[in-house]
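Undergrad: Right, I'll just put the structure down here and ask away after.
The values are calculated or read from the model by the stated rules, or taken from the named source; none is laboratory data. Because the structure is a prediction, the values reported are computed rather than measured. Because the Cβ atoms are built from the backbone with ideal geometry, glycine has one as well, and the counts that use them run over all protein chains shown. Surface accessibility is based on the protein's heavy atoms, side chains included, excluding ligands, DNA and RNA. Shrake-Rupley method; radii C 1.70, N 1.55, O 1.52, S 1.80 Å.
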Number of protein chains: 6
Amino acid sequence: MKPVVVRNIKRADSNAIGTLAGVGVSTAHEALGRSGLMKPYMRPIYPGARVSGTAVTVLLHPGDNWMMHVAAGEIEPGDIVVAALTSECTDGYFGDLLATSFMARGAKGLIIDAGVRDVKALTEMGFPVWSKCVSAKGTVKATLGSVNIPVVCAGDAVNPGDAIVADDDGVVVVPAEVAGKTAKAAAAREANEGDKRAKLAAGVLGLDMYKMREPLEKAGLRYID
Amino acid sequence: MKPVVVRNIKRADSNAIGTLAGVGVSTAHEALGRSGLMKPYMRPIYPGARVSGTAVTVLLHPGDNWMMHVAAGEIEPGDIVVAALTSECTDGYFGDLLATSFMARGAKGLIIDAGVRDVKALTEMGFPVWSKCVSAKGTVKATLGSVNIPVVCAGDAVNPGDAIVADDDGVVVVPAEVAGKTAKAAAAREANEGDKRAKLAAGVLGLDMYKMREPLEKAGLRYID
Amino acid sequence: MKPVVVRNIKRADSNAIGTLAGVGVSTAHEALGRSGLMKPYMRPIYPGARVSGTAVTVLLHPGDNWMMHVAAGEIEPGDIVVAALTSECTDGYFGDLLATSFMARGAKGLIIDAGVRDVKALTEMGFPVWSKCVSAKGTVKATLGSVNIPVVCAGDAVNPGDAIVADDDGVVVVPAEVAGKTAKAAAAREANEGDKRAKLAAGVLGLDMYKMREPLEKAGLRYID
Amino acid sequence: MKPVVVRNIKRADSNAIGTLAGVGVSTAHEALGRSGLMKPYMRPIYPGARVSGTAVTVLLHPGDNWMMHVAAGEIEPGDIVVAALTSECTDGYFGDLLATSFMARGAKGLIIDAGVRDVKALTEMGFPVWSKCVSAKGTVKATLGSVNIPVVCAGDAVNPGDAIVADDDGVVVVPAEVAGKTAKAAAAREANEGDKRAKLAAGVLGLDMYKMREPLEKAGLRYID
Amino acid sequence: MKPVVVRNIKRADSNAIGTLAGVGVSTAHEALGRSGLMKPYMRPIYPGARVSGTAVTVLLHPGDNWMMHVAAGEIEPGDIVVAALTSECTDGYFGDLLATSFMARGAKGLIIDAGVRDVKALTEMGFPVWSKCVSAKGTVKATLGSVNIPVVCAGDAVNPGDAIVADDDGVVVVPAEVAGKTAKAAAAREANEGDKRAKLAAGVLGLDMYKMREPLEKAGLRYID
Amino acid sequence: MKPVVVRNIKRADSNAIGTLAGVGVSTAHEALGRSGLMKPYMRPIYPGARVSGTAVTVLLHPGDNWMMHVAAGEIEPGDIVVAALTSECTDGYFGDLLATSFMARGAKGLIIDAGVRDVKALTEMGFPVWSKCVSAKGTVKATLGSVNIPVVCAGDAVNPGDAIVADDDGVVVVPAEVAGKTAKAAAAREANEGDKRAKLAAGVLGLDMYKMREPLEKAGLRYID
């Protein structure tokens, strides 16, 4: 693989992205047919953030954050940088200086399958990061990777331009070509929950609301008094 | 093992449970003879919660949360659901809808050796969960497990009706038959700590307060100036 | 190794330590030539704390916290206790009673390659701990270790008296003999960042600010429109 | 928990145990209703061994193998020692001297949720061990545990006298009271496999042999040419 | 994602595949520009095997191996089944019966990001498997996945028909469209190594053979006598 | 830390090293006062090897094996290269070409806190390696580290010239200045074991041979018939 920076990427529809931010990761993931989630080791550096945006991908080598600076040059407002690694690494690839640059370019967050540092400053700046770990370990700038190529980040395939949703539940990737359809399905799912919630709060059991008693009995569940 | 739901379980004494909530996990664990702790990977989804209650156990299969709905039907006020897995899984078995149902039934919390989702909503609802991880990954409803049978959860044996105490230090299981005795021992332990704390705060060393200097010397400890 | 307590240790210069606290872990680590960091699994029990101080080291055996009491006797105001283990252990070696004693002696924090408990109380007391995990598991007092000998803690060599800096980004160890030089380098580094931050905030890319475009092109990076 | 050694335990039926050794871990686990397996991190120190026997349980503290010597005194011919830990530890609790003693007593193997050492000697002696890891780390003899009480080993509840089967696939625990029934079910299962194997070897697909095509289609599986 | 089985896939060129088997995983990975490797936790169940073939992919749900039987129906001689998981699972999805069926269909091996069982029998049959772990844990047949869709297996993107090479060093995926080119580059690389090996065996240092002394000195390396 | 290669190191006494190879890792570790062991994740790439030698240390950056070539130039007959990492990495830093060079220089083995590749070739060449993992992942040659400085490898402090012993039980580091004393203690320990082994093989219990019954009773152990 030759190191390249791909400049013209097709970004997922912005209306869809707005809708997906409204419903959050769990609902978006269900609406996508229970797929697209990154592994659960990806955690936010502070609680409560929820963002959605379009992926600018970057492929990094262990211990080397040179391409993060290249990626910064490709950010458009509304993007989320998704940083993948060629092999596992926990170094701190990103801190408050890069975050200042990313924010100035309009980035809404960073997803990185490695470490991040300056987490207190990032929290104060309100720049959300989902990462594998926190580490102050510095990196070098010696080896080329690529920007805006398909990558695998935290077990999930990501293409440049894909819709990303991230919140306290994790990170989900919605392929750009199904973002509209998924957003619609997610919104419908969400609309449907209020009524269920009210019933459950009133003490109705899921067993009855979802009509599970008969299938459970057929499957052989036995109650012992 | 045939899938069963055991309905009549003997719950630990409620006075003991109240006392145990007062002393917390570390003291309860010590009072139980330094036993009964779940593994330290079990962490609360938000800091500061402390609950105690009686265990309703549920055994789940990987990727399948059907039995959580069955367990909901067995909850009595003051119960804590303890969910064990037949093999390791990080999926998100539990979210805000199930929590609404659990709360309506009087559950005080959930202990689950797997993942949980909707953590922001759960935090706002004030429904505490101790889990192995956070994951938005959805589950199916296809395979039967059991409710209120003895299980192993996070390395600890739990019987239905056992007293559960959970706080920022983790989760401890106190067998129902020794809950009263353990609560008494724990309260005595706790009462004893105020005096020690005052001495230590005044600068008295544990070496002197616990009379350790002689045994340390006998064991061969040498001071080098 | 005979168990010993070394009493006369040479502590790193206090001016240097004050400077290091000001710049934090990431900058101190860079100023030290990108070295001295403990592994990233060492996390603070609550966010936002930053401390610096001089190391009192203690070597512990698995499941045995006897030497923590011995270490308490060696603390001088401004020290940070650094606890290493002879083999991996997650037990809770330290809680609110020991913290009361440590605080009374003037300790500024604890770094422990094992577990800690009573985290809610420690948080309320404002006594910061960086640890491998949280665990309520109690320990025994049966086997001697040593105090103020060279140890390896979380992958990092620590000598008694070394300067320790710990914050949300982790823990860094600055050898006492280079603490002054490192503090100076760190302060210079920090001073230099304000200007960079302003430029980046104004939208200047790191690619231009650091003059990376030419070396990237020479290394073979290709832009594809 | 007071430290005790329980001397009169009821051992699982020896005929059942012989049968279980014949079928191996995977088949025994299936015959038990897909339960009873220890976690997959338990691995044999050399390939190819398969043993079955009755459990002598021992509960150990981290870094302390005193009770292994006590357990040796309770071994009867045909027993397998199952060593559980009060908290996670990787130390080497067992080596060639203890193995010599265990063999002299008639033990058929060791299952330990911790480390083992002298693995080359153990391999040459033909004494099989399933463990969490290999470690030369020595232990002390200072703290009492118990022998022949119920324990949790590698995520599995074990009672003294239970039938243990261990081979290259892992370790399964068959409760003594169902050992006979399970052995019978396992033997039936095994007998049934020869015919299936022949069909599959001849190229018949499981899809047809197990008549899965219709249920797959009903569940919604679509073939795309 | 609707569950589908894609029947017409384009398999990588068989000449290229033969060449890749000759050079092995490390050389193939280098020839591919240092990419395409699965994570190093993927290990062979027995040492010494080396296979290459074309990928038949299958996406499995945790604890459910139904689709392995569907995948068997899609195997053509020379294929290697690559099994990915929708979430992490250690269950034993594959044993000697399925292996008998896979072999009858002409499969050359299995790559599975989960557990495998009957490893002794598989070893005797000479059917190589690279897996995340060994586990006797049985699975159910209840939930549909897909066959021959793009998957992520052990951190690596795999398309149906891609060339797979697996040996003691791990597993590499060579995209079908570059298999020929990669095989050629790998063969050239291999041819080039004999001469180097001879020089190094004669005591010539890599420092001299690769002319590294000057760049090392320029980079600032200092020798201290 | 400036990158340096230290050329004149003081190697541990060769007689001591010969003795240590004879007794192996477990006995050497005990003779050293139960210290000096690397973490148990360090495993040999093939079983049965045992080596001892003097440490040539090298400090590597993640994903960069340039310094391995520099280290090769410092090897003298009887050395073992000990490779430490500045941060965690699983890449394959070492394969058959470097091994050919190391062997030609007289190296007896490699200890590396990272990955290794070409394990089949290394096994056939009989060049033993203890590593964290096996990985085919290639590295770059871009960043300087150091040779023959003190390092921490797999949790253990190593100085250039220290005695290293490695076998199936792991890796132990004996500081050069105590190598002679430790070898003597180890030999004495070993000599003492034959008699014990004979007694245990004859059925004498450790309880009696080590006179443990009285201390166990005093500590409170109770036998229940």
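Undergrad: Roughly how big is the range A:38-91's charge dipole about its Cα centre, with Cβ charges of +1 (Lys, Arg) and -1 (Asp, Glu), in debye to the nearest 20?
TA: Once rounded to the nearest 20, the dipole reads 320 debye.
Undergrad: Let me ask another. Give the lysines whose C-alpha is closer than 26 Å to that of C:LYS218, dropping any in the same chain fewer than 8 places away, or say none.
TA: A:LYS2, A:LYS141, C:LYS196, C:LYS199, E:LYS181, E:LYS211, E:LYS218, F:LYS137, F:LYS141
Undergrad: In sequence order, what are the phi-derived ³J(HN,Hα) couplings for the range E:25-34 according to the Karplus relation 6.51 cos²θ - 1.76 cosθ + 1.60 with θ = phi - 60°, rounded to whole Hz, with x for glycine and proline?
TA: Each residue's phi maps through the Karplus curve to give 5, 4, 5, 4, 5, 5, 5, 8, x, 6 Hz.
Undergrad: I want the antiparallel fraction of DSSP beta bridges within the range F:112-225, as a percent rounded to 5.
TA: Counting DSSP beta bridges with both partners in the range F:112-225, the antiparallel share is about 75 percent.
Undergrad: Something else: Given an 8 Å cut-off on Cα distances and at least 6 residues of separation, report the relative contact order of the range E:96-222 as a percent.
TA: It rounds to 13 percent for the range E:96-222.
Undergrad: Sticking with this structure for a sec: Quick one: how many Å² of B:TRP66 are accessible to a 1.4 Å probe, rounded to 10?
TA: 20 Å²
Undergrad: Another question about this same structure. Compute and list, largest first, the equivalent-ellipsoid semi-axes of the protein assembly as shown from the alpha carbon gyration tensor, each √(5λ) rounded to a whole angstrom.
TA: With the √(5λ) rule applied to the protein assembly as shown, the semi-axes are 41, 41, 35 Å.
Undergrad: At a threshold of 8 angstrom on Cα-Cα distance, excluding pairs fewer than six apart, so keeping six or more, what relative contact order does the range E:1-129 reach in percent?
TA: After rounding, I find 22 percent.
Undergrad: Just to be sure I understand: with springs between alpha-carbon atoms less than 10 Å apart, which residue in F:ALA28, F:ALA71, F:ALA166 has the highest mean-square fluctuation in the Gaussian network model of chain F?
TA: It is F:ALA71.
Undergrad: I would also like to ask the following. Picking from E:VAL165, E:VAL70, E:VAL173, which is most flexible by a Gaussian network model of chain E using Cα springs under 10 Å?
TA: The residue that fluctuates most here is E:VAL70.
Undergrad: Give, ordered by residue number, each residue of the range A:201-215 whose 1.4 Å probe accessible area is reduced by a minimum of 10 Å² on adding the remaining protein chains to the chain alone.
TA: Output list: A:ALA201, A:GLY203, A:LEU205, A:GLY206, A:LEU207, A:TYR210, A:MET212, A:PRO215.
Undergrad: What spacing in nm lies between the two simple spin-label points modelled at F:ARG189 and E:ARG7, each 7 Å away from Cα in the Cβ direction?
TA: Label-label distance for F:ARG189 and E:ARG7, simple model: 6.8 nm.
Undergrad: Exactly which trypsin sites (Lys or Arg not before Pro) in the range B:171-220 are in a DSSP loop and have at most 13 other Cβ atoms within 10 Å?
TA: B:LYS211
Undergrad: Which log10 I(q)/I(0) values, to two decimals, does chain B give at q = 0.17, 0.18 Å⁻¹ under the Debye formula with one point per Cα?
TA: -1.11, -1.23
Undergrad: Provide an ascending nm list, one decimal, of label-point separations from C:LYS211 to the equivalent residue in each further copy; define each label point as 7 Å from Cα along Cα→Cβ.
TA: Label-point separations across copies, in nm and ascending: 2.7, 7.4, 7.4, 7.9, 8.0.
Undergrad: Hey, another quick one. Using only the alpha carbons, work out the radius of gyration and Dmax of the range C:39-97 in angstrom.
TA: In order Rg, Dmax, the Cα atoms of the range C:39-97 give 12.3, 30 Å.
Undergrad: Order B:ILE224, B:ILE149, D:ILE75 by their accessible area, 1.4 angstrom probe, all chains in place, largest first.
TA: Correct descending sequence by accessible area is B:ILE224, B:ILE149, D:ILE75.
Undergrad: Could you give the size of the charge dipole of the protein assembly as shown about its Cα centre, using +1 on the Cβ of each K and R and -1 on the Cβ of each D and E, expressed in debye and rounded to the nearest 20?
TA: 0 debye
Undergrad: Leaving ligands, DNA and RNA out of it, report the carbon-plus-sulfur percent of the accessible area of chain B at a 1.4 Å probe.
TA: 51 percent
Undergrad: Return the value, in Å² to the nearest 100, of accessible area buried between chains F and E (probe 1.4 Å, both sides summed).
TA: That pair hides around 2900 Å² of surface in total.
Undergrad: Further question: Using only alpha carbon pairs under 8 Å that are at least six residues apart, calculate the relative contact order of chain A and give it in whole percent.
TA: 30 percent.
Undergrad: While we're looking at this one, here's another question. Identify, among E:GLY33, E:VAL158, E:MET67, the residue whose Cα sits farthest towards the positive end of the charge dipole of chain E, taking +1 on the Cβ of Lys and Arg and -1 on the Cβ of Asp and Glu, with the dipole about the Cα centre.
TA: Comparing the listed Cα positions along the dipole, E:GLY33 ranks first.
Undergrad: Related question: May I ask you to report, in nm to one decimal and beginning with the shortest, the distances from D:ASP195 to the same position in the other copies, taking label points 7 Å along Cα-to-Cβ?
TA: Its label point is 5.1, 6.5, 6.6, 7.7, 8.6 nm from the equivalent points in the other copies.
Undergrad: Of E:GLU76, C:GLU177, which has the most accessible area and how do the rest follow, probe 1.4 Å?
TA: From most exposed to least exposed: C:GLU177, E:GLU76.
Undergrad: State the three equivalent ellipsoid semi-axes of the range B:48-180, derived from the C-alpha gyration tensor as the square roots of 5 times its eigenvalues, in descending order and whole Å.
TA: Values for the range B:48-180, descending: 20, 17, 14 Å.
Undergrad: Taking each label point as 7 Å beyond Cα in the direction of the beta carbon, state the distances from B:GLU177 to the same residue in the other copies, shortest first, in nm.
TA: Nearest first, the other copies' label points are 1.3, 5.9, 6.3, 6.4, 6.8 nm away.
Undergrad: Where is the GNM fluctuation largest for chain A (alpha-carbon springs, 10 angstrom cutoff): A:ALA49, A:ALA202, A:ALA31?
TA: Comparing A:ALA49, A:ALA202, A:ALA31 in the GNM, the peak value goes to A:ALA202.
Undergrad: Whole Å is fine, so just give me how far the alpha carbon centre of the range C:1-68 lies from that of the range D:94-143.
TA: That distance is 37 Å.
Undergrad: Further question: Whole-Hz Karplus ³J(HN,Hα) for the range C:165-177, in order, using 6.51 cos²θ - 1.76 cosθ + 1.60 and θ = phi - 60°, x for Gly and Pro?
TA: 10, 9, 8, 4, 8, x, 9, 10, 10, 10, x, 3, 6
Undergrad: Excluding ligands, DNA and RNA, what is the solvent-accessible area per residue of the range F:55-192 at a probe of 1.4 Å, expressed in Å²?
TA: I get 25 Å² per residue for the range F:55-192.
Undergrad: Work out the charge dipole of chain B with +1 on the Cβ of Lys and Arg and -1 on the Cβ of Asp and Glu about the Cα centre, then indicate which of B:GLY180, B:LEU144, B:VAL4 is farthest towards its positive end.
TA: Of B:GLY180, B:LEU144, B:VAL4, it is B:GLY180.
Undergrad: Accessible surface of A:TYR223 in the full protein assembly, 1.4 angstrom probe, to the nearest 10 Å²?
TA: 80 Å²
Undergrad: How large is the dipole of chain D about the Cα centre if only Lys and Arg carry +1 and Asp and Glu carry -1, each at its Cβ, rounded to the nearest 20 debye?
TA: Dipole of chain D, to the nearest 20 debye: 200 debye.
Undergrad: Still on this structure, I have one more. Tell me, for the rotation carrying E onto D, which chain E residue has the beta-carbon closest to the axis and what that distance is in whole Å.
TA: Taking the axis that maps E onto D, the answer comes out as E:PRO47, 6.
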